[in-house]
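Beneath this line is the structure, given in structure tokens, with notes to follow.
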Amino acid sequence: DIQEKTLQICVVGSGPAGFYTAQHLLKHPQAHVDIYEKQPVPFGLVRFGVAPDHPEVKNVINTFTQTAHSGRCAFWGNVEVGRDVTVPELREAYHAVVLSYGAEDHRALEIPGEELPGVCSARAFVGWYNGLPENRELEPDLSGDTAVILGQGNVALDVARILLTPPEHLERTDITKAALGVLRQSRVKTVWLVGRRGPLQVAFTIKELREMIQLPGARPILDPADFLGLQDKIKEVPRPRKRLTELLLRTATEKPGPEEAARRASASRAWGLRFFRSPQQVLPSPDGRRAAGVRLAVTRLEGVGEATRAVPTGDMEDLPCGLVLSSVGYKSRPVDPSVPFDSKLGVIPNVEGRVMDVPGLYCSGWVKRGPTGVIATTMTDSFLTGQMLLQDLKAGLLPSGPRPGYAAIQALLSSRGVRPVSFSDWEKLDAEEVARGQGTGKPREKLVDPQEMLRLLGH
Ligand code: FAD
């Protein structure tokens, strides 16, 4: 009897971790996987994080869609685990539960002035231009000529690139109409990316750096003094880091050819990397009403290799600006009091995806590893969690006997007035977005209002 033998599993979160974990679990012929997602729409940071001018990165959505089309997989959006249904309720209804809910908070700077208007997290800024419902009304103030981004990772470069790209180059992307409108009015001419350490410690990758260097209408500002002595040091570093540093070094120290020199001379916008600077305070405007700059402590490096630390020299520097974007990392939230959580590391404590001390509970993706790594890293890590779960099943470590799965959860949700959005519902929203984009040559115009989405579905 199929019902008797079905292995009922659910996954919490429909980003890369959720979908890749489901994909692996479905290799088991008796597995049925339900994916719960708090947003009415699937795909997590692939939709709400990845930059609109990187459409090729979003091709993974095709693979996720195939997984969702499996007769043994279901998507239930508009269901927030921890609020609409609890983890113990899920564990009761399923043989196993996988938590793949990502890292939704941002790390705070923890410096005075952080709360001033004119300061915002890169996370919120990204959410705004990508149509994340909770950030759709952000309207960042781009009336000043300088923006400072605190952080030197890929997210920081994404944000810098979106701020400096000529708006007409974004017109045919899936950036929201509202964000494009604000960017068209932007007066931002210069973007500084501030890092506590030096060129050898930047956290972005070469592809993103190359894009910045070639950005139309923008020129790089790099101080050759920051690169003194680096030529010798790069011989010892691993190859990807070496190539990245060489590109930085060339850009900072070599005289460009005539064509590139002309391009840079005519550029109306600029971006620069400010190394060896640690933010101490967001400086208020004279009336105290908003941010007007950042006070930076000058640092120098101590130690070698991965253990290199920035220590303050005692010198200070003020960098005036109209907008401060903090891009110092993401952080997971605890989802439910019944689930162990390491609030220091911001992850669920686990051994290879098995949640510590809770049999039948697993995790994958950013909530398992912490908020670093690209989609490919998340894929490998999620397959591994899937493997561990299937191993445990084989070893008889999961509950035996049938489990009700979605039937039980559906009853709970319905009694609580929650109306889940299915994958075919999402496909209707998807078609609507594509249709709205068509007139203006965009791949889609994202729906940003959950109420409107539910209305379109007749919920
Ligand atoms: P997420 O993608 O965040 O998915 C988690 C999902 O869980 C979300 O849909 C969330 O809504 C849902 N959720 C949260 N809480 C609950 C709850 N209580 N109940 C139900 N559902 C919940 N990688 C690349 O390879 N290329 C790129 O260009 C790239 N660009 C990036 C740009 C940005 C700004 C960021 C932040 C990351 C980028 N990455 C990129 C990294 C990539 O996005 C991550 O590796 C990947 O998304 C992590 O997957 P995840 O499933 O763990 O988390």
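Values in this text are rule-based calculations from the coordinates and carry no lab data. The shown structure was predicted, so the numbers you read here are calculated from the model rather than taken from an experiment. FYI the Cβ positions are ideal-geometry reconstructions off the backbone, even for glycines, and counts take in every protein chain you see.
For the stretch 364-459, the set of trypsin sites (Lys or Arg not before Pro) satisfying both a DSSP loop assignment and a count of at most 14 other C-beta atoms within 10 Å is given as ARG416.
A simple count of charges around HIS28, restricted to other residues whose Cβ falls under 10 Å of its Cβ and scoring Lys, Arg +1 and Asp, Glu -1, yields +3. Mean separation of Cα pairs under 8 Å and 6 or more residues apart, divided by the residue count, gives the chain a relative contact order of 24 percent.
Dipole magnitude for the stretch 328-434: computed about the Cα centre from +1 point charges on Lys and Arg Cβ and -1 point charges on Asp and Glu Cβ, it is near 340 debye. This model, with +1 at the C-beta of Lys and Arg and -1 at the C-beta of Asp and Glu, gives the stretch 66-204 a dipole about its Cα centre of some 540 debye. Distance between the 7 Å Cα→Cβ label points at ARG309 and ALA108: 2.4 nm. The length gained on full extension between ALA225 and GLU254, counted as 0.36 nm times the residue separation minus their Cα-Cα distance, comes to 9.2 nm. With the helix formula -39500 (n - 2.57) applied to DSSP H stretches of n ≥ 4, the chain reaches a computed 222 nm mean residue ellipticity of -9500 deg cm²/dmol.
Computed from backbone phi with θ = phi - 60° and the Karplus coefficients 6.51, -1.76 and 1.60, the 3J(HN,Hα) list for the stretch 124-138 is 5, 4, 4, x, 5, 6, 9, x, 5, x, 5, 10, 5, 9, 4 Hz; x is used for glycine and proline.
Using a Förster distance of 30 Å, how high is the FRET efficiency between GLN410 and LYS27, based on the Cβ-Cβ distance and rounded to 0.05? After rounding to 0.05, the efficiency reads 0.70.
Look at the alpha carbon pairs under 8 Å that are at least 6 residues apart: their mean separation over the length of the stretch 99-223 gives a relative contact order of 28 percent. Computed about its Cα centre, the charge dipole of the chain is approximately 880 debye, with only Lys, Arg, Asp and Glu carrying charge at their Cβ.
Using 0.36 nm per residue and subtracting the Cα-Cα separation, the extra length available between SER268 and GLU92 on full extension is 57.3 nm.
Using only Cα atoms, tell me the angle between helix 406-415 and the longest principal axis of the chain; keep it within 0 to 90° and round to the nearest 10. The angle comes out near 80 degrees. The C-alpha radius of gyration of the stretch 102-198, expressed as a fraction of 2.2 N^0.38 Å, stands at 1.07. Here the convex hull built on the C-alpha positions of the stretch 1-155 has a volume of 139 cubic angstrom per residue.
Couplings for the stretch 447-455, taken from phi via the Karplus curve 6.51 cos²θ - 1.76 cosθ + 1.60 with θ = phi - 60°, read 6, 10, 10, x, 4, 5, 4, 5, 4 Hz in order; Gly and Pro are left as x.
Once the convex hull of all Cα atoms in the stretch 1-52 is built, its volume per residue stands at 77 Å³. Rg then Dmax, both in Å and based on the Cα atoms of the stretch 155-225: 13.4, 42. Applied to the stretch 93-108, the Karplus parametrisation 6.51 cos²θ - 1.76 cosθ + 1.60 on θ = phi - 60° returns per-residue 3J(HN,Hα) values of 7, 10, 5, 8, 10, 10, 8, 9, 9, x, 9, 8, 9, 10, 6, 7 Hz, with x for Gly and Pro. Taking 26 Å as the limit for the C-alpha separation, the pairs LYS38/LYS58; LYS58/LYS394; LYS38/LYS394; LYS5/LYS38; LYS27/LYS368; LYS207/LYS442 exceed it in the case of LYS58/LYS394; LYS38/LYS394; LYS5/LYS38.
The Stokes-Einstein estimate for the stretch 154-285, based on a Kirkwood radius over Cα pairs and taken at 37 °C with 0.692 mPa s viscosity, is a diffusion coefficient of 203 µm²/s. For the chain, the longest principal axis of the C-alpha atoms and the axis of helix 16-25 are separated by about 40°. With a cut-off of 15 Å between beta carbons, the residues surrounding ARG83 carry a summed charge of -3, where Lys and Arg count +1 and Asp and Glu -1. Scanning residues 5 or more positions from VAL355 or on other chains, those with amide H under 5 Å from its amide H are LEU361, TYR362, CYS363, with H placed 1.01 Å from N in the peptide plane. Placing unit charges on each Cβ (+1 for Lys and Arg, -1 for Asp and Glu) gives the chain a dipole about its Cα centre, and among GLN30, VAL448, VAL191 the Cα reaching farthest toward its positive end belongs to VAL191.
When the Cα positions of VAL46, ALA108, CYS73 are compared along the charge dipole of the stretch 46-130, CYS73 comes out farthest toward the positive end, with charges on each C-beta of Lys, Arg, Asp and Glu. A simple spin-label model places the labels of LYS344 and THR6 4.3 nm from each other, with each point 7 Å out along Cα-to-Cβ. Under the simplified labelling scheme, the THR205-VAL298 pair shows an inter-label distance of 3.6 nm, with each label point 7 Å from Cα along Cα→Cβ.
Computed from the C-alpha gyration tensor, the three semi-axes of the ellipsoid equivalent to the chain are 42, 26, 21 Å, from longest to shortest.
Size estimate for the stretch 211-334 follows the Kirkwood approach: the inverse of mean 1/r over distinct Cα pairs works out to 17.4 Å. Using C-alpha pairs below 8 Å separated by at least 6 residues, the relative contact order for the stretch 415-459 is 33 percent. Once the Cα atoms are used to define both axes, helix 423-438 deviates from the longest principal axis of the chain by about 30 degrees.
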